[in-house]
Amino acid sequence: MAQVDIHGIINIDKPKGLTSHDVVARVRRITGQRKTGHAGTLDPMATGVLPLALGKATRLVEYLADADKAYRATLYLGATSETYDAEGTITSTPEAPTPTRDAVENALNLFRGAILQIPPMHSAIKVGGQKLYDLARQGLEIERQARAVVITRLDLEVYKPPTVQLFVECAKGTYIRSLAHDLGVALGTGAYLTALIRTRHGPFTLDAAITLEGLETAFKEGTWHETLTPADTIISGWPRHVATPEEGLRIRQGKLLQAPPPLESGDGRLAAYTQEGELLAILYWDEEKSAWQPKKVFA
């Protein structure tokens, strides 16, 4: 295929065993696009939704990182793992009693809503300039500060001891591995994550995702356009402003846009479009100037 600039989002169904970086490298080879990135890393053990931004869409990927996510998680009760998942060294807790379904349901109540969560040592969070998993590989464990996260939905879908299957919807920054570990602590049994499927990331869902093999076939057959989602899908729920030609010129010059202020429930961000429906710019509300300041200009 001849080199063509591709701008948009490809919703990949990540296979087990690959890192998110591995998937980016594969998509770069398939599409020929060097400018490719993702928001929201999946561990190698995890599968499911991994939206990749190509071309100009990479300038919007930071907003996808803010989006909420949904997962289907499988846990094993009666053992612990140093990594909180099946990839680590497993230590069984045979003396622990098997909890009833009611006990599991009651324990889950502790993790719904806004909670504090300690990230696992085997994570990419940096402390003192070093990633935690690098320290963990050196056999070190350091104190981690609890972080505020929000779990908006937590359902017990299957309970067949020692297996628990959960459906989780959560805000950014939530570690499902930590949730598994903490649930095991709450139950007094120990627990670790054995499987994880991301079913949604923002507006991107698993039933609309494509495999790497499917993407490769689409490029060979010339049907790759069908796999591409417009970049502004990432900001589909944002307030919009259709700019006049005069406003469009001012925005392109980086000048302020005079338009109604954001609603009290808003976050002070605005998507400006041309009259032809093309994404023009991302603007932020400037309280001091009572106007919208262009941050990213696209058209």
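Computed from the coordinates by the stated procedures, all read-outs in this text should not be read as laboratory data. In this text the structure is predicted, and so the values were computed from the model without any measurement. Heads up, the Cβs are rebuilt from the backbone with ideal geometry, glycines too, and the neighbour counts pull from every protein chain shown.
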| request: With a cut-off of at most 15 other beta carbons within 10 Å, and DSSP calling the residue loop, which trypsin sites (Lys or Arg not before Pro) in segment 228-276 qualify? Please list them. | output: 255
| Between residue 290 and residue 236, what FRET efficiency follows from the Cβ-Cβ distance if R0 is 35 Å, with the result rounded to 0.05? | 0.80
| query | By how many degrees, between 0 and 90 and to the nearest 10, does the Cα long axis of helix 212-221 differ from the longest principal axis of the chain? | reply | 30
| task | Have a look at 181, 292, 119 and report the one farthest towards the positive end of the charge dipole of the chain, computed about the Cα centre with Cβ charges (Lys/Arg +1, Asp/Glu -1). | result | 292
| field | Whether segment 1-93 is rounded, prolate or oblate, judged on the alpha carbon gyration tensor where a/c under 1.5 counts as rounded | value | prolate
| remark: Given (i) 14.9; (ii) 22.4; (iii) 18.7 as possible values of mean projected area of the Cα convex hull in nm², the one from the coordinates is (iii)
| message | Below 19 Å, Cα to Cα, which lysines can residue 69 reach? Residues fewer than 8 away in the same chain don't count. | response | 14, 16, 172
| task | With springs connecting C-alpha atoms under 10 Å apart, model the chain as a Gaussian network and identify which of 35, 160, 172 has the largest mean-square fluctuation. | result | 160
| query | Could you name the lysines in cross-link range of residue 255, using Cα to Cα under 30 Å and dropping any fewer than eight places away on the same chain? | reply | 35, 56, 289, 295, 296
| message | Please state the shape class of segment 217-291: rounded when a/c is under 1.5, otherwise prolate if a/b exceeds b/c and oblate if not, all from the C-alpha gyration tensor. | response | prolate
| Where is the GNM fluctuation largest for the chain (alpha-carbon springs, 10 angstrom cutoff): 93, 227, 58? | 93
| query | In degrees from 0 to 90, rounded to the nearest 10, what is the angle of the helix 176-187 Cα long axis to the longest principal axis of the chain? | reply | 30
| So how tilted is helix 20-31 from the main axis of the chain? Cα-based, degrees 0 to 90, rounded to 10. | 40
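Is the shape of segment 145-294 best called rounded, prolate or oblate, per the rule: a/c under 1.5 gives rounded, else a/b larger than b/c gives prolate, else oblate, with a ≥ b ≥ c the square roots of the Cα gyration tensor eigenvalues?
Numbers: a/c = 3.84, a/b = 1.62, b/c = 2.38.
The shape class here is oblate.
Quick check for me: using +1 on Lys/Arg Cβ and -1 on Asp/Glu Cβ, what's the dipole size of the chain about its Cα centre, in debye to the nearest 20?
So the magnitude is around 660 debye.
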| task | Please work out the C-alpha center-to-center distance from segment 11-43 to segment 284-299 and express it in whole Å. | result | 32
